[in-house]
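Please read the structure below before turning to the comments.
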Amino acid sequence: CAVESDKASVELTSPYTGKVVKIHHKVQDTVKVGSVLIDVDVAGAPEPVPAKPVEAAPTPAPVAAAATAIQQFKLADIGEGIAEVQLTEWFVKEGDEVKEMDNLCAVESDKASVELTSPYSGKVAKIYFKTQETVKVGSVLVDIATAGVAAPAPTSTTTASAAPTKPPAAAAAAAAGSKIEYFKLADIGEGIAEVQLTELFVKEGDLVKEMDNLCAVESDKASVELTSPYTGKVVKIHHKVQDTVKVGSVLIDVDVAGAPEPVPAKPVEAAPTPAPVAAAATAIQQFKLADIGEGIAEVQLTEWFVKEGDEVKEMDNLCAVESDKASVELTSPYSGKVAKIYFKTQETVKVGSVLVDIATAGVAAPAPTSTTTASAAPTKPPAAAAAAAAGSKIEYFKLADIGEGIAEVQLTELFVKEGDLVKEMDNLCAVESDK
């Protein structure tokens, strides 16, 4: 697609190969940095036709058998008529660990100045250009080593065949029983693209509960305390106090499998009763008004961006609230359906009050109603079961930071439609900003 502002016009390319399953914005929409533009089903790409088995001669294991795969990050087409740019800054060096959406480098042409983000998580293996060098569109800027590729090809003389293996990273995660949730800096007000981290209320290793304060951030418009949407263990803090943090950046990793589990009760004889309400196929998550600043006990609800029955995704804006110290837009920590809204616009809401109920899919199966000893059998959530049945793996293509001070852009053109197959580096859209 193509997006546009009054500062820069940039064409965005796909970091994935697969099928476009959903486009979240229309041409001429305004899109904020960090928003999802397009969903790509990477399991929807046509698979290569398998070759007939051949006799494999004894040879050394090929390079592809290593535990890492090298992904080459190339300079995409960043605007019509731009064939080359000047590399003005590197934000990483060889050996650095990067995550998807981390800034890699800044480039400049006579039409635009753009910061390029990583479509991969891994280690920077090689940097091909130095600052101030000229780079042509399509050139490789950096190699990123990502973990967990296929197992070594067999070297015996028997018929070659591939056995599925679990990537080392996945195996390690499974063994540890971890599930990491990434707590990102949400949009905390119109026109705020970055904030200063003024205080951390937790440290790595701390156990936190949902709604516990994690940190405080400040911009020239608001000072806000951010609360955890998860219960678990703080495993990594990505920024230090006084660091500048951009909207959409990961602040803290929380291991939600790291929370202490309740002590199981002794089995009891279950009397025949109707199935409890908790046995429904949805779970209600209550979104409460967190502490949004020191000394703020209540706020006025100024705007709702959703209504009952709407589907929302994690990080979607829910509502705007205002106090005498700050005006803040609140985002959803859940994906699901808005089941109930508790307040109307212009009403006063106290900190800790429930603002909205969100129905999320896939909770435990109904409790047994027989007279035998009650026990819980693990079940797969309906959403997960549906995804597994469809064989889909959805990747969310988000609007990255395309320049300092640019918080939103205009989507000027879409080069794909839902159902199209795309390859890595294909143009998706064009956007424009005032830079």
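The values are calculated or read from the model by the stated rules, or taken from the named source; none is laboratory data. Only a predicted model underlies this, so the values are computations on that prediction, with no experimental measurement involved. Cβ: placed from backbone, ideal geometry, glycine included. Neighbour counts: every protein chain shown. Ligands, DNA and RNA are stripped out before the accessible areas are found, and what is left, the full protein with its side chains, is counted by its heavy atoms. Shrake-Rupley method; radii C 1.70, N 1.55, O 1.52, S 1.80 Å.
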query = If we keep just the residues of the stretch 306-329 that are in a strand (DSSP E or B) and in contact (Cβ under 8 Å) with a residue 60 or more places away in the chain, which is most open to solvent (accessible area, probe 1.4 Å)?
reply = Ser327
remark   = Screening Ala283, Ala278 for residues that are aliphatic (A, V, I, L, M), assigned to a strand (DSSP E or B) and at pLDDT below 90 leaves only Ala283
request  = All but one of (1) of a type in the set (A, V, I, L, M, F, W, C); (2) at pLDDT 55 or above; (3) farther than 29 Å from Val21 by Cβ hold for Phe73, so report the exception by its number.
outcome  = (3)
inquiry  = Give all pairs with beta carbons closer than 6 Å in which a residue from the stretch 206-233 that is farther than 17 Å from Glu298 by Cα meets a residue that is open to solvent by less than 60 Å² (accessible area, probe 1.4 Å) and among the acidic types (Asp, Glu); count only pairs at least 6 apart in sequence or on separate chains.
reply    = Ala216/Glu225; Ser228/Asp212; Tyr230/Glu181; Gly232/Asp255; Lys233/Asp255
note = Among the residues of the stretch 91-130, the number that are among the β-branched types (Val, Ile, Thr) and closer than 23 Å to Glu11 by Cα is 3
remark   = Of the residues in the stretch 332-361 that are exposed (fewer than 15 other Cβ atoms within 10 Å of the Cβ) and among the basic types (Lys, Arg), the one that is nearest to Leu185 (Cα to Cα) is Lys350
key: Criterion: open to solvent by 90 Å² or more (accessible area, probe 1.4 Å), over 15 Å from Val10 (Cβ atoms), at pLDDT below 65 and in contact with a Leu (Cβ under 8 Å, 6 or more places away or on another chain) - qualifying residue of Pro58, Pro46, Pro50   = Pro46
